[in-house]
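What follows is a set of notes on a single structure, which appears directly below.
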Ligand code: GZL
């Protein structure tokens, strides 16, 4: 991709000549920080130059960053689209400039899948299903309605849309399980706390919080404790990510179940780029493997957690 030095046919470049542009979402959560570290260290180890930008969760900043990488004629562009829509124009510009694009973490809703080489990341619908399955099992004998509130991720983001979908589909098997309030906390701890404070005021009886990431769940814990209630007991909490702070809260009994979403995409991203650089091909969709954690499992897993 980009302009090959010396004008000869685009053969594989030595990795220390490759230049890759990465447009990161922001630094909104523990997951994102771990994801950034994984990417930066993987490129360092592979001796591949990485241009890196933080969009503060703003799509226009990500688009600007991608345009600047196109201007600079990088060899590959990779990014985690903060929301699913609005990418076709800039991705067509990358295509016109012959720069392959690799999606990591989040997906775009573009109909034209020639606009990116592969999408490397989790199955968020599956994550929502795993969270829902735990809730269905937890309340399988419930005879009275179970009041659930949902702290949604960033509006329009693939993980927010899909985690809500997978969860709703799964809990629909038990009509007692009802989502009585649902609002975005933008994947941040502060956002989760603010929304949970409001939900506690307007809903006298909340049985469970389903938060689309640990950080909003940790914010909800602060709001629940400030209201004089016991998180994990008076109000149960289910979250997604399994970052260290979330796993600590799980081990401490303040969260009841966590669905893991692995941020460690750096090595796989380097593998994709190395393969492409050598003229190889990669799958259109590369799934990350991940698991779930109960409170007991968190106690044993915590010492080895990398992030
Ligand atoms: C999921 C990732 C989400 C995390 C949040 O792959 O996009 O964004 O679940 C992060 O913690 O902010």
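The values are calculated or read from the model by the stated rules, or taken from the named source; none is laboratory data. Bear in mind that the values here come from a model prediction, so they are computed numbers and not experimental data. So basically every Cβ, Gly included, is an ideal-geometry build from the backbone, and we count neighbours across all protein chains shown.
In region 214-248, which residue that is away from the ligand (no atom under 13 Å from the Cβ) and in a loop (DSSP other than H, G, I, E, B) is surrounded by the fewest Cβ atoms within 10 Å (Cβ to Cβ)? That would be 228. Going by the conditions given, is residue 108 in a loop (DSSP other than H, G, I, E, B) and surrounded by 19 or more Cβ atoms within 10 Å (Cβ to Cβ)? Yes: the conditions hold for residue 108. The lone criterion from (1) surrounded by fewer than 17 Cβ atoms within 10 Å (Cβ to Cβ); (2) at pLDDT 95 or above; (3) in a loop (DSSP other than H, G, I, E, B) left unmet by residue 9 is number (2). For first residues located in region 99-112 and touching a residue at least 12 places away in the same chain (Cβ under 8 Å) and on the phi > 0 side of the Ramachandran plot, partners that are crowded, with 19+ Cβ neighbours inside 10 Å and assigned to a loop (DSSP other than H, G, I, E, B) and lie 6+ apart or on another chain with Cβ distances below 8 Å form the pairs 105/25; 105/80; 105/122; 105/263; 105/265. Taken residue by residue, region 16-23 has at least one member that is surrounded by fewer than 20 Cβ atoms within 10 Å (Cβ to Cβ), away from the ligand (no atom under 16 Å from the Cβ), closer than 19 Å to residue 274 by Cα and modelled with pLDDT of 95 or more. Considering each residue of region 58-77 in turn, none proves to be within 16 Å of the ligand (Cβ to nearest atom), in contact (Cβ under 8 Å) with a residue 60 or more places away in the chain and under 17 Å from the mean Cα position of the chain (by Cα). Please verify whether region 206-213 includes one or more residues that are away from the ligand (no atom under 14 Å from the Cβ), out of contact with any strand residue (DSSP E or B) (no Cβ under 7 Å at 6 or more places or on another chain) and modelled with pLDDT of 95 or more. Within region 206-213, none of the residues are away from the ligand (no atom under 14 Å from the Cβ), out of contact with any strand residue (DSSP E or B) (no Cβ under 7 Å at 6 or more places or on another chain) and modelled with pLDDT of 95 or more.
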